[in-house]
Amino acid sequence: MQDFAQEFMTALSLILSGDSELLNIVFLSLKVSLLAVFFGALVGMPLGAALAVGRFPGRRALIVLVNALMGLPPVVVGLCVYLMLSRSGPLGVLQLLYTPTAMIIAQFVLVTPIIAALTRQTVESLDAEYTEQLRSLGLSRLASVPVLLWDGRIALLTAFLAGFGRAIAEVGAVIIVGGNINHVTRVMTTTIALETSKGNLSLALALGVILIAIAIAVNAAVSLLARGAAPQRGELSHA
Amino acid sequence: MRDFPLPGSEYPRLEATALKIARGGKTLLDVASLTLDGPGPTLILGPNGAGKSLLLRCLHGLIEADSGQIWQDDRPLDASQRARQAMVFQRPVLLRRSVAANLDFVLKRQGMARKARAERIHELLCEGGLQDKARQSARSLSVGEGQRLAILRALAARPEILFLDEPTSALDPGATQKIETLIRRASARGTKILMVTHDIGQARRLGADIVLMWGGKVAEHRPAHGFFETPQSQAAQAFLGGALVP
């Protein structure tokens with residue numbers, strides 16, 4: 001117990017001293033996950049909106065598929081991206097394996113279905129409310145999409161944060177495609193796994209504290225945004 | 001006291017012929033012929049399920065009838081004709097934006113310049129008594145204020161025809177009175193009002209002519225005075241006598 005307390009104090013001093021190795025790992029983690037979520041949103045939000053307002057054969061099956069992909073196991077995603085990027089794989093020529101780009105690709109695959117599915121839910125429920133009014137105002141189905149996305153912006157930001165929460169906390173995919181190379185592809189989660197196995201608990205704990213702080217901050221942001229989007233005084237829904 | 005313009009002013013003319021809608025083998029709407037023109041609001045009365053809202057949605061082009069034709073000013077209803085119409089629903093659908101932004105949304109679509117939009121928004125908000133709530137979130141308004149905003153938004157583009165689907169059904173008498181004032185003013189300015197209501201008292205207060213829907217059909221269409229004083233159809237007599245089911 002005393003050892004643990006000592007490790008914890010060392011971890012805190014690492015954080016407070018602004019240890020450069022620690023900061024590099026944190027910055028790389030944020031960079032990889034934010035870029036993955038950014039690109040995931042670029043693809044996931046239009047895809048979710050199309051699933052919500054589009055009417056085409058196979059739409060229901062696609063919705064089921066996207067929902068199912070929300071629960072993709074990270075290690076399987078890591079394995080698939082590894083096979084694609086490995087020297088003998090179809091994208092091997094790009095030589096991306098064991099680079100931060102490979103990690104971004106893996107996390108992109110993980111978060112895009114989450115963002116698409118949450119966007120679909122948001123836009124679909126808003127569309128059910130708005131559809132007659134927007135048609136009455138002369139908007140076509142296609143012209144309605146930007147209105148629905150803008151009016152669902154708070155819920156869509158929540159989808160973005162949910163994707164970020166998933167990306168920043170996962171370890172399975174990035175450790176396979178990134179290789180956990182020191183100063184190159186080592187992120188918070190992979191460092192925690194490695195340093196714990198080596199017995200270097202202070203660095204692992206310091207990163208754990210930061211990771212938990214980020215998770216709490218993301219959840220607090222989601223909660224605040226959800227409260228902002230919730231019905232307010234005099235809400236019309238009871239009419 | 002009514003402040004409708006005198007007969008003879010230019011009002012749009014809406015005609016429906018042989019309008020039919022059936023679902024699951026049941027006829028929901030079967031209007032042989034209906035002509036709506038002239039000054040003053042047309043109030044559409046009838047019990048639940050009589051086809052009032054369906055008729056309104058058909059005339060506004062939100063629902064396509066299985067058969068039949070709708071004409072506006074002697075031309076078949078098309079997108080350009082629909083652009084001269086507006087509709088307010090029973091439950092106001094307000095965009096998740098400020099009160100002013102809800103009005104601005106419609107005005108922007110009209111291609112109005114920024115300054116003209118600001119002036120028009122101020123004018124509309126003053127008319128609806130919402131000038132102090134311009135920056136407030138539209139969804140934080142009370143139900144009555146929200147419905148007033150929905151009507152102002154519908155009037156923003158100065159429609160020739162305004163469809164109102166039971167706009168006061170969830171409101172108390174004070175809020176209802178404010179809505180009725182807005183409707184009267186719009187009518188006095190030349191907008192043809194077509195309004196569905198359950199409230200016979202409201203139909204007496206506002207209606208220049210009354211359409212009674214009964215089992216999907218137009219049971220009677222007459223000037224309000226005649227309709228209430230000497231109802232001719234059995235349906236009208238039953239409805240005014242308090243019958244609830246067609």
B:LYS192 long-range amide H proximity, modeled H, under 5 Å: B:ILE161, B:LEU162
At 222 nm, what value in deg cm²/dmol follows for the protein assembly as shown if DSSP H runs of at least 4 each add -39500 (n - 2.57) and the sum is divided by all its residues, to the nearest 500? -18500 deg cm²/dmol
So what J values fall out for region B:126-131 if you push phi through Karplus, 6.51 cos²θ - 1.76 cosθ + 1.60 with θ = phi - 60°, rounded to Hz, Gly and Pro as x? 5, 4, x, x, 10, 4
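Give the value in nm², to one decimal: projected area of the alpha carbon convex hull of the protein assembly as shown, averaged over all directions.
Reported value for the Cα convex hull: 31.4 nm².
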By how many degrees, 0 to 90 and rounded to 10, does the Cα axis of helix A:59-69 deviate from the longest principal axis of chain A? 20
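Sequence gap of 8 or more, or different chains, plus Cα separation below 15 Å: how many lysine pairs satisfy both in chain B? Let's see the in-between values first.
Details: B:LYS20/B:LYS52; B:LYS20/B:LYS217; B:LYS26/B:LYS217; B:LYS52/B:LYS217.
Lysine pairs satisfying the spacing and distance rule in chain B number 4.
How well do other chains shield peptide B:59-70, expressed as the mean number of their Cβ atoms within 10 Å of each residue Cβ?
Average per residue, whole number: 1.
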Env charge @ B:GLY68, Cβ radius under 11 Å, K,R +1 / D,E -1, value -3
Of the convex hull enclosing the alpha-carbon atoms of region B:1-93, the direction-averaged projected area in nm² is 7.8
Euclidean distance of C-alpha centroids, region B:166-188 and region A:164-195, integer Å: 62
Using the alpha carbons of chain B, what is the convex hull volume per residue in cubic angstrom, as a whole number? 134
When you look at the Cβ of every residue in A:133-141, what mean number of other chain Cβ atoms sits within 10 Å? 6
Taking the number of other C-beta atoms within 10 Å as the exposure measure, put B:HIS198, B:HIS60, B:HIS221, A:HIS183 in order starting with the fewest. A:HIS183, B:HIS198, B:HIS221, B:HIS60
For region B:95-140, just the Cα atoms, rotate onto the principal axes and tell me the three extents in Å, largest first. 28, 21, 12
Sorting A:CYS80, B:CYS58, B:CYS126 on the 10 Å Cβ count, fewest up front, what's the list? B:CYS126, A:CYS80, B:CYS58
Of all the Cα-Cα pairs you can form in region A:21-227, what percent are over 27 Å apart? 38
Where does each of B:TRP214, B:TRP71 land when they are ranked from fewest to most other beta-carbon atoms within 10 angstrom? B:TRP71, B:TRP214
Give the average, rounded to an integer, of partner chain Cβ atoms located within 10 angstrom of each Cβ in B:133-141. 3
Among B:ALA118, B:VAL106, B:GLY129, which residue has its Cα furthest toward the positive end of the charge dipole of region B:95-140, with +1 on Lys/Arg Cβ and -1 on Asp/Glu Cβ? B:VAL106
Taking the C-alpha atoms of region B:192-246, convex hull volume expressed per residue in Å³: 80
Non-local residues with an amide H under 5 Å from the amide H of B:LEU28, with H modelled 1.01 Å from N and Pro and chain starts lacking one, are B:ILE21, B:ALA22, B:ARG23
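With loop defined by DSSP as not H, G, I, E or B, and exposure as at most 11 other Cβ atoms within 10 Å, which is the longest segment of chain B clear of exposed GluC sites (Glu not before Pro)?
Details: sites that count: B:GLU10, B:GLU64.
Excluding the exposed sites themselves, the longest stretch runs over B:65-246.
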Mind listing the long-range amide H neighbours of B:VAL211? Cut-off is under 5 Å, sequence gap 5 or more, other chains count too, H placed in the peptide plane at 1.01 Å from N. B:LEU43, B:ILE44, B:LEU45
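All of the numbers you see were taken from the coordinates with simple rules; none came from a lab. Source: prediction; values computed, not measured. Ideal geometry is used to build each Cβ from the backbone, glycine not excepted, and the neighbour counts take in all protein chains shown.
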